[in-house]
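Notes follow the structure.
The values are calculated or read from the model by the stated rules, or taken from the named source; none is laboratory data. Nothing here was measured: the structure is a model prediction, and the numbers come from that model. No Cβ is skipped: glycine too gets one built from the backbone with ideal geometry, and neighbour counts run over all protein chains shown.
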Amino acid sequence: MSELVIRGGRVVDPANGVDRVGDLLVRDGVVVGVDVATQSPNAQIVEAGGRIVCPGFVDVGSAFREPGFEEDETIATGTAAALAGGFTTVAVSPETSPVVDNGASAEFVLLQGERAGNCRVHPIGAVTKGIAGEELAELAQLADRGAVAFSDGKRPIANAEVFRRALEYADMCGRPVLHHPQVPELVAGGVMHEGVHSTLIGLRGMPAAAEDVMVGRDVALAELTGGRVHLTCVSTKNAVEQIRRAKAAGVRVTAGVAVHQLVLFDDSLQSFDVNCKVDPPLRTREHVEALVEGLADGTLDVLCSDHRPHASEKKDIELDLAPFGIVGLETAFALASQTLVTGGRVDWPTLVRLLSTNPAKLLGLPAGTLSPGAPADVTIVDPNAEWTIDASAFRSSSHNTPFDGWTVTGRVERVFVGGKSKDAATSNG
């Protein structure tokens, strides 16, 4: 019998309504409880005074690029980055080559995650074959082989009939459909949010209406089918309002927000920094305020890293030619805690719910909780630690971040996966 006592920390477990200073006892990789006496004189003691002790974070839809694009990221480097950011579980996007659209490819992701030996890795299966949006993939086979959800990643499914059938079949498999809500024709060739700054800079815009229209369609089809849709990386004010109304009407819709959408705005592109080119694009302060309100009142369910690594040679080109995306796993917690908690918009239980409890519930995973009997996936953070983001020290293979050199408050100190200590420390700061 092996025991671990994480002593004197502020235990925050939204799944059980716990928020108090106490000692967390772990035995043989499983949570025993808070303030339960240890039975072992040789128990490992971890002092956590002044720290937050919470369920490990769960990320929805990170791109780890393997197989096919290992120059950007591998499952080994991606999971190392996840640990550095406090994430003990990651659901991986199917946008690889070949695409994760069959059972064998889902098993490959699981196997590589086990070989890496870092955080827990779960594949997300493609909704359509080759993520081409035309013909449904083998959803039942993917679910049987470990896919926790279905998604075509950053490729919107424009065909409403295909999307309808996807919701129906995915629901039969007991899985949600994760969708990037965007009308492709309205954003084709776009680089940034369509508005005053896109006009001043002279770059083709991506209108907020592209998201608003697709959110409306997805909500209508979820209501029609009774299926579960999760809208990834919502970014517009009208989208938040539509989701709020849909939830009130009982539609099975959830939604997520990428952390970087809360801290950067469309005027960031004035510097022509390719690392500010993301999809959906950075929006105006009005839209961002709506996102924060939606997170605070429960309209929006999940905070995600939207981790999209790209090798430097792919990003260091003209802005209009560079791919969308930034790395986010190693900076998500600090940026979110500083913006939302330190900024007075949400409390710690709410932030933990957004980063851990809710994404675990979305994916049907036994994570996001410190309930007795749950796997001891635990993240310890220092809410007051100030440090400087150093992209050169990232565990990720790629360093495409606009936050290099930023000083932030709130830092991951230790991570446990199944009760085993994992190396979460970076040389940042």
Expected single match for aliphatic (A, V, I, L, M), closer than 30 Å to Gly405 by Cα and touching a residue at least 24 places away in the same chain (Cβ under 8 Å) among Val219, Val229, Val263 is Val263
List pairs: first residue in the range 282-309 and within 15 Å of Leu335 (Cα to Cα), second residue of a type in the set (A, V, I, L, M) and assigned to a loop (DSSP other than H, G, I, E, B) anywhere in the structure, Cβ distance under 6 angstrom, at least six positions apart or on different chains. Ser305/Leu329; His307/Val327; His307/Leu329
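If you scan the range 1-43, which residues turn out to be among the acidic types (Asp, Glu) and not in a strand (DSSP E or B)?
Asp28, Asp35, listed by residue number.
So that you can scan it fast, the table gives a plain yes or no per residue for (1) surrounded by fewer than 21 Cβ atoms within 10 Å (Cβ to Cβ); (2) at pLDDT below 95; (3) in contact with an Asp or Glu (Cβ under 7 Å, 6 or more places away or on another chain); (4) farther than 23 Å from Leu167 by Cα:
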| position | (1), (2), (3), (4) |
| --- | --- |
| Thr225 | yes, no, yes, no |
| Cys233 | no, no, yes, no |
| Val240 | no, no, no, no |
| Asp267 | yes, no, no, yes |
| Pro280 | no, no, yes, no |
| Val292 | yes, no, no, yes |
| His310 | no, no, yes, yes |
| Asp320 | yes, yes, no, yes |
Enumeration of residues in the range 149-168 that are within 24 Å of the chain's Cα centre (by Cα) and more than 17 Å from Asp306 (Cα to Cα): Ile157, Ala158, Phe163, Ala166, Leu167
Is it true that Gly130 is in contact (Cβ under 8 Å) with a residue 12 or more places away in the chain, in the same structural domain as Ala332 (by TED's automatic domain parsing), more than 17 Å from the chain's Cα centre (by Cα) and part of a helix (DSSP H, G or I)? yes
Checking the structure you have, find out if any residue of the range 391-406 is buried (at least 19 other Cβ atoms within 10 Å of the Cβ), farther than 30 Å from Val36 by Cα, small (Gly, Ala, Ser) and in contact with a strand residue (DSSP E or B) (Cβ under 8 Å, 6 or more places away or on another chain). yes
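For the range 81-112, give me each residue that is crowded, with 24+ Cβ neighbours inside 10 Å and not in a loop (DSSP other than H, G, I, E, B).
Selection gives Ala81, Ala82, Leu83, Ala84, Phe87, Thr88, Thr89, Val90, Ala91, Val92, Ala106, Val109.
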Can you pull out every residue in the range 336-348 that is buried (at least 17 other Cβ atoms within 10 Å of the Cβ) and either over 17 Å from Val60 (Cβ atoms) or free of Cβ contacts under 8 Å to residues at least 60 places away in the same chain (or both)? Ser337, Gln338, Thr339, Leu340, Val341, Val346, Trp348
List the number of the failed condition for Ile380; all other conditions in (1) over 20 Å from His307 (Cα atoms); (2) free of Cβ contacts under 8 Å to residues at least 24 places away in the same chain hold. (2)
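Find the residue count for the range 371-429, including only residues that are part of a loop (DSSP other than H, G, I, E, B) and either at pLDDT 95 or above or closer than 22 Å to Val121 by Cβ (or both).
Residues in the range 371-429 being part of a loop (DSSP other than H, G, I, E, B) and either at pLDDT 95 or above or closer than 22 Å to Val121 by Cβ (or both): 27 in total.
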Provide a single number: the residues in the range 1-43 that are over 18 Å from Gly419 (Cβ atoms) and in contact with a Leu (Cβ under 6 Å, 6 or more places away or on another chain). 0
